[in-house]
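FYI, it's all coordinate maths here, none of it is from the lab. All values derive from a computational prediction rather than experimental measurement. Here Cβ is always computed from backbone atoms with ideal geometry, including for glycine, and neighbour counts include all displayed protein chains.
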Amino acid sequence: MEFRRLGKTDVYLPALGLGTWEIGGRDYPDYSRDEEAIEVIRYAVRRGLKLIDTAEMYGAGHCEELVGEAVRELPREKVFIATKVWPYNLRFKDVFEALDRSLDRLRVNYVDLYQIHFPNPFIPLRETMKAMEKLVDEGKVRFIGVSNFNVKELEEAMGYLSKYDIVSNQVLYNPLDRLIEEEILPFCRKNGITIIAYRPLGKGALLKSSYKSVLEELGRRYGRTPAQILINWVIRHDNVIAIAKTMRKDHLDELLGGMGWRMDPEDYEKLPELLSRASRL
Ligand SMILES: NC(=O)c1ccc[n+]([C@@H]2O[C@H](COP(=O)([O-])OP(=O)(O)OC[C@H]3O[C@@H](n4cnc5c(N)ncnc54)[C@H](OP(=O)(O)O)[C@@H]3O)[C@@H](O)[C@H]2O)c1
């Protein structure tokens with residue numbers, strides 16, 4: 001297991017966490033797969049993956065219910081629950097109500113990380129950040145995070161906080177989606193903000209067709225599978241945690257093998273080019 005410090009806190013999390021978007025199945029909500037989803041979340045925690053990422057928006061709240069059911073009998077500190085508030089709910093009062101609904105669905109009395117899912121230009125960010133601080137004061141939220149924020153939005157949000165830091169920014173990152181490398185990644189490193197990288201497997205698309213053969217070839221050099229190469233590529237930075245979603249225990253076992261080893265620097269360097277060339281074939 002490989003760990004990352006969360007922001008400037010004394011919390012260290014595994015460099016891989018479990019995502020829960022569509023965890024109940026592709027044709028969401030597909031309640032017939034609830035038991036499977038609950039099982040895989042429990043299994044992830046047993047295997048030491050502390051960070052479970054969800055959102056009030058996922059499955060219209062149902063994913064939070066699944067997470068709540070999965071962790072119900074676990075000691076609360078065994079799991080690090082990260083959820084998100086949807087952009088419609090960013091008014092001061094709405095943030096409190098949204099969190100209370102999330103807490104009910106999750107059946108916990110606090111979340112570890114509360115993230116603004118996307119910025120909303122129609123709601124003053126000051127209101128939202130003040131609400132986030134108050135939620136920490138009330139003990140309902142341990143840490144404040146954001147998601148899909150650019151540098152300007154991060155700076156603005158940081159400026160409205162007087163007591164606590166933003167510990168994380170959850171953003172899209174994989175070898176074919178590298179936008180964050182220009183500004184967001186260096187800014188977050190400089191300011192002690194952890195990047196939580198979503199969609200490290202390109203929603204599964206990077207494990208298919210021509211991409212797969214590129215990853216397999218590279219994987220042979222290290223005795224690793226395509227999914228492990230992708231996770232490893234994303235977490236090569238010391239301030240990045242990857243969150244991947246899976247409904248399968250064998251896939252989860254495989255993803256765990258993406259941690260704890262390194263490729264040669266030139267292989268990290270050349271992978272995006274090899275994959276984008278494959279996409280043009
Ligand atoms: N903040 C945001 O705006 C935002 C946006 C998107 C996603 N997210 C978060 O990030 C998480 C991850 O992103 P994502 O779910 O979009 O995509 P992802 O994790 O890149 O890919 C998930 C897909 O990969 C498959 N997969 C996983 N492990 C595999 C393996 N070892 N071999 C083969 N296939 C494998 C899964 O299928 P199986 O279930 O069959 O394994 C699933 O179809 C989400 O669940 C969510 O929590 C956040």
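Around the Cα centre of the stretch 27-169, unit charges on the Cβ atoms of Lys, Arg, Asp and Glu (plus for the first two, minus for the last two) sum to a dipole of about 440 debye. Using the rule -39500 (n - 2.57) for each DSSP H run of four or more residues, divided by the residues of the chain, the 222 nm mean residue ellipticity is -12500 deg cm²/dmol. Here the stretch 203-220 and the stretch 184-201 have alpha carbon centers that stand 24 Å from each other.
If you build the Cα gyration tensor of the stretch 165-281 and take the root of 5 times each eigenvalue, what three semi-axes come out, in whole angstrom, biggest first?
Working: eigenvalues 105, 52, 36 Å².
Over the Cα atoms of the stretch 165-281, the semi-axes work out to 23, 16, 13 Å.
Of Y268, Y31, how do they rank once you tally other Cβ atoms within 10 Å and put the fewest first? Walk me through the numbers on the way to the answer.
Values: Y268 16, Y31 13.
Ordered by Cβ neighbours within 10 Å, fewest first: Y31, Y268.
At a temperature of 20 °C and a viscosity of 1.002 mPa s, determine how fast the stretch 85-137 diffuses translationally according to Stokes-Einstein, using the Kirkwood radius over alpha-carbon pairs as Rh; express D in µm²/s, rounded to the nearest whole number. Answer, rounded: 192 µm²/s.
Peptides 147-153, 52-58, ordered by how many other C-beta atoms sit within 10 Å of their residues on average, highest first, read 52-58, 147-153. Considering only G48, V71, G19, the residue lying farthest towards the positive end of the dipole of the stretch 6-86 is G48, judged by Cα position with unit charges set on Cβ.
What is the magnitude of the charge dipole of the chain about its Cα centre, with +1 placed on the Cβ of each Lys and Arg, -1 on the Cβ of each Asp and Glu, and no other charges, expressed in debye to the nearest 20?
That gives the chain a dipole magnitude of about 360 debye.
Legend: ranking of residues W261, W86, W233 from fewest to most surrounding C-beta atoms inside 10 Å; resulting order W261, W86, W233. Packing, as the average of other Cβ atoms within 10 Å across residues, places the peptides 136-143, 123-130 in the order 123-130, 136-143, highest first. How much of the calculated P(r) for the stretch 214-281 lies past 20 Å, in percent of all Cα pairs? When all Cα pairs of the stretch 214-281 are counted, 28 percent exceed 20 Å. Looking at the chain alone, DSSP beta bridges between its own residues are antiparallel in about 10 percent of cases. Shape class of the stretch 1-119 from the alpha-carbon gyration tensor: oblate, with a/c at 1.5 or above and b/c at least as large as a/b.
Computed from the Cβ-Cβ distance with R0 of 25 Å, the FRET efficiency linking E35 to R101 stands at 0.55.
Using every pair of distinct Cα positions in the chain, the Kirkwood expression returns a hydrodynamic radius of 19.1 angstrom.
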